[in-house]
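A short write-up of the structure that comes next.
Computed from the coordinates by the stated procedures, all read-outs in this text should not be read as laboratory data. For clarity, every value in this text was computed on a predicted model and none was experimentally measured.
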Amino acid sequence: MKNLFLSAVAATATLASCSTVSSILQNTFPYNATILVTAGSPANTTLSNVSVAQSINQLTGAGANVRDIRVSNATISVGSNASMGIFKSVKVYLSNNGSNEVLVASREDIPDNVGTSLSLDLNTSTTFDHIMKSGAVQERLVYVLKQSPTSDISVKTSIGFSSVPNTNP
């Protein structure tokens, strides 16, 4: 009887821990995209590049299990051969296959000596369910350069999203 009780406790603990891990994975998820700013891109002009991304279904396979998807953090970085100070401003938009575009994060008046990474100001007032649950997510980076780069610059955006469990899938 003692072995049966211990087995039941172990099984319950295992199921509870799996459920907790699943809940954590479904409630926070990352999104990364990379674009290339080419050498000779003009300064003081609004430019943009598009990067194809993945939906939450592709990232976690659990799109039906979450709702109220909101941005929780956003950073942008460049390789060690450049500085984020080359940008005057950056804006990150997400859309589902080019339509229903929504501003995710931005930063204006970027200082010259900021380094290779920069935290962005978040758009926390919007939910991204309709975009992140769609089949094809696109990121568009809109930026203005302070000066024309002398070599290609790889720019990586990292966006963290949070959500709540959908109790009525």
Query raised in the report: Residue separation times 0.36 nm, minus the C-alpha to C-alpha distance between residue 39 and residue 72: what's the value?
Result: 8.7 nm
Report task. State the Kirkwood hydrodynamic radius of the range 29-165 in Å, one decimal place, computed from all pairs of distinct Cα atoms. Result -> 15.2 Å
